[in-house]
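Colleague: One structure follows; several queries about it will come next.
Taken together, the values in this text are just the output of simple stated rules run on the coordinates, not laboratory data. Predicted model only: the values in this text are computed from it and were never measured.
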Amino acid sequence: MARKVLTLAEVRDGSLRNVSFEAIAAAKTIAEGGEVVSVLVGDQVQAHANELIYRGADRVVVIEHPNLKFYTSDGYSQALKAVIDKEQPEGIVFGHTALGKDLSPKLAIKLDAGLVSDVVAVEEAGGNIVFTRPIYSGKAFEKKIVTSGIIFATVRPNNIAPLERDESRTGSVEALAVEIKDLRAIVKEVVRKTAEGVDLTEAKVIVAGGRGVKSAEGFKPLKELAEVLGGAVGASRGACDAGYCDYSLQIGQTGKVVTPDLYIACGISGAIQHLAGMSNSKVIVAINKDPEANIFKVADYGIVGDLFEVVPLLTEEFKKLKV
Ligand code: FAD
């Protein structure tokens, strides 16, 4: 059954987030040959429209307004509700990002739609669109289908392969004028807490440190390794609680959930709450001086040793590979 499916494209710091392309790939599966329409929301974002077409969107609807320069759930839900009312889609896909997590339930309730959140795979099987999502903090997976109404899903970054970029793809780009009014809050400025760099939830490589890193200074070798690998630095709550790094780096049940291609855990014991945020990483390397540490149970490769010796050695070796 061919469906029209909307996706929300996310722009951050002047660039489209990768999850926007992953949402298009998921939407293609849900559409079953129907139309995929990407929605670009913001202030002066039209320049990104063609990229969404190259990545698989059949059409792009652009909603620009000065009140949409920064995300607010009031402003974005007005914009999205307007485009949904106009387009009447049978499916909607957002990224399972901070923005998507905030906006999707708000819209789902307005649309009286069921919401399948945090999807890691989507397929057509037996005449249904089947979503796979982790449950019990990533220890098991469930498969879900939507039996009536709009098929609304959020996809976890880094799990659904985007389509190959193809500049020969063509599609239309349309502007939709929406009055964004009665906002209860307007964001005037965003002040970053963490340094610029690779976004943790979209990073392909993460080098994470725990209490074993021992100090803020102790994160330096981890940052160097992350830099050589083009990755991001993350942390356990133990490290954040100890004041070695900012809570925005925390990975786990009460932190960020990540699924990079490579996760290097340094001086992290592997508490269940930490595993909840990273155990679905594709390859896990653990460095810990305690051979009994729980982290080794989920690791594909374990290095028993002092992280302050092992991490610089890894950095040196990866540097050689880059030359
Ligand atoms: P530790 O458990 O102290 O482990 C430090 C490790 O470093 C040890 O295994 C040690 O052998 C190793 N080590 C020490 N020195 C070296 C060295 N030189 N070289 C190599 N290895 C070394 N935790 C999270 O991470 N994320 C969460 O989101 C989270 N949410 C929580 C929610 C709740 C409700 C609760 C109760 C807890 C939560 N926690 C969370 C905390 C969690 O239970 C653990 O306390 C925390 O993950 C421990 O952090 P850690 O592994 O860095 O520290």
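Colleague: Sort out for me the Cα centre separation of the stretch 197-267 from the stretch 300-323, rounded to whole Å.
Modeller: One Cα centre to the other: 16 Å.
Colleague: Taking the Cα atoms only, what angle lies between the long axis of helix 18-31 and the longest principal axis of the chain, rounded to 10 degrees?
Modeller: Between helix and principal axis, roughly 50 degrees.
Colleague: Any idea what log10 I(q)/I(0) is at q = 0.11, 0.14, 0.15 Å⁻¹ for the chain, Debye with uniform C-alpha scatterers and no solvent?
Modeller: Treating every Cα as an identical point scatterer, log10 I(q)/I(0) equals -0.74, -1.09, -1.19.
Colleague: If each DSSP helix of 4+ residues adds -39,500 (n - 2.57) and the sum is divided by the residues in the chain, what number results at 222 nm, nearest 500 deg cm²/dmol?
Modeller: The helix contribution divided over the chain gives -8000 deg cm²/dmol.
Colleague: Taking the Cα atoms only, what angle lies between the long axis of helix 98-111 and the longest principal axis of the chain, rounded to 10 degrees?
Modeller: For 98-111 against the chain, the angle is about 30 degrees.
Colleague: Note down the relative contact order for the stretch 2-173 as a percent, whole number, built from C-alpha pairs under 8 angstrom at least six residues apart. Present the calculation step by step, with values, prior to reporting the outcome.
Modeller: Numbers: 370 pairs, mean separation 48.1, N = 172.
Reported as a whole number, the value is 28 percent.
Colleague: On a 0 to 90 degree scale, rounded to 10, what angle separates helix 73-87 from the longest Cα axis of the chain?
Modeller: 50 degrees
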